[in-house]
Amino acid sequence: MAHCYCPLSGYKGMWLFVLFDLPVKTRKERHAYTVFRKELIREGFSQLQYSVYARYFDSADSSQSESAFIRSILPSNGQVRIVAITDAQFGKMLVFHGKKLEITEKPPDQILLF
């Protein structure tokens, strides 16, 4: 039987965004901010902009599982938004640096297993 390489559908792959505004006036608030941010990075999220992190998932199920994990580590103060969009939607994003249009990030070639 011949094997066929079929790339992931742009509608199956998901990008999970975490956007947050956390208070940093006190030492305790700064610590909570740092712990939350470091946990996102440990989970494989990349910073797109200040307080905007994203990570690619191969399915909606895996992104929902990660969303549940993020909800479990939310700081007690501040605002956090979790948004999932398809890879196809992400690919339609326009990114500008000044007035120059830049290329949108691509999903990883391989999914990392830890």
Filter the stretch 36-55 down to residues that are more than 10 Å from the chain's Cα centre (by Cα) and touching a residue at least 24 places away in the same chain (Cβ under 8 Å), then give me how many there are. 3
Just wondering, is there one or more residues in the stretch 30-43 that are of a type in the set (S, T, N, Q), surrounded by 12 or more Cβ atoms within 10 Å (Cβ to Cβ) and at pLDDT 95 or above? yes
Considering only the stretch 53-105, how many residues are surrounded by 15 or more Cβ atoms within 10 Å (Cβ to Cβ) and in contact with a Phe, Trp or Tyr (Cβ under 6 Å, 6 or more places away or on another chain)? 10
Index of the failed condition, residue 108 passing every other in (1) modelled with pLDDT under 95; (2) surrounded by 15 or more Cβ atoms within 10 Å (Cβ to Cβ); (3) assigned to a loop (DSSP other than H, G, I, E, B): (2)
Wholly inside the stretch 14-92, helices (runs of 4 or more DSSP H) that include 3 or more residues that are under 17 Å from residue 104 (Cβ atoms) and not basic (Lys, Arg) are 87-91
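The values are calculated or read from the model by the stated rules, or taken from the named source; none is laboratory data. In this text, all values refer to a predicted model and were calculated from it rather than measured experimentally. Every residue, glycine among them, receives a Cβ derived from its backbone with ideal geometry; neighbour counts consider all protein chains shown.
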